[in-house]
Amino acid sequence: MLNFSYYNPTRIIFGKGTLDKVGAEAAQYGKKVLFHYGSGSIKRNGVFDAVDASLKASGLTVVYLDGVVPNPRLSLVRKGIELCKKEKIDLILAVGGGSVID
């Protein structure tokens, strides 16, 4: 067995009135954000537009990764890793339900 230490800081913000604050919250962690989301309801219910506007109003550069499905395949994880490296992402913002956070 290998000895190791693992640190994975995660902050989940949930609830009424949180969409307008997401940009200010995200800006505390860097200037370039990967906005990770599903492909369905987030666009239809206005959440995508509200989050995107909040991020941009806070001066953040936004890179998008959509197409999340339940129990995502390793190929999507690898796509996200490559995108983060290529774009020099400071933070990942997962918006939606459990599949996005997975």
| message | Need the failing condition index for F14 against (1) closer than 11 Å to V95 by Cα; (2) surrounded by fewer than 18 Cβ atoms within 10 Å (Cβ to Cβ); (3) touching a residue at least 24 places away in the same chain (Cβ under 8 Å), just the number. | response | (3)
| said: Being at pLDDT below 90 and in contact with a Pro (Cβ under 9 Å, 6 or more places away or on another chain) is the requirement here; does D102 meet it? | reply: yes
| said: If I ask for residues that are of a type in the set (G, A, S) and either free of Cβ contacts under 8 Å to residues at least 24 places away in the same chain or under 21 Å from S99 (Cβ atoms) (or both), which ones from segment 17-41 would you list? | reply: G17, A26, G38, S39, G40, S41
| field | Verdict on V63 being of a type in the set (A, V, I, L, M) and touching an Asp or Glu at 6+ places or on another chain (Cβ under 6 Å) | value | yes
| query | Is there a residue in segment 54-61 that is surrounded by fewer than 16 Cβ atoms within 10 Å (Cβ to Cβ), under 13 Å from the mean Cα position of the chain (by Cα) and within 24 Å of K86 (Cβ to Cβ)? | reply | yes
| task | Identify the residue in segment 5-52 that is of a type in the set (K, R) and out of contact with any Lys or Arg (no Cβ under 9 Å at 6 or more places or on another chain) and, among all such residues, is modelled with the lowest pLDDT. | result | R11
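The values are calculated or read from the model by the stated rules, or taken from the named source; none is laboratory data. What you see is a predicted model; the values in this text were computed from it and never measured. Cβ coordinates were reconstructed from backbone atoms using ideal geometry, including for glycine residues, and neighbour counts include every protein chain displayed.
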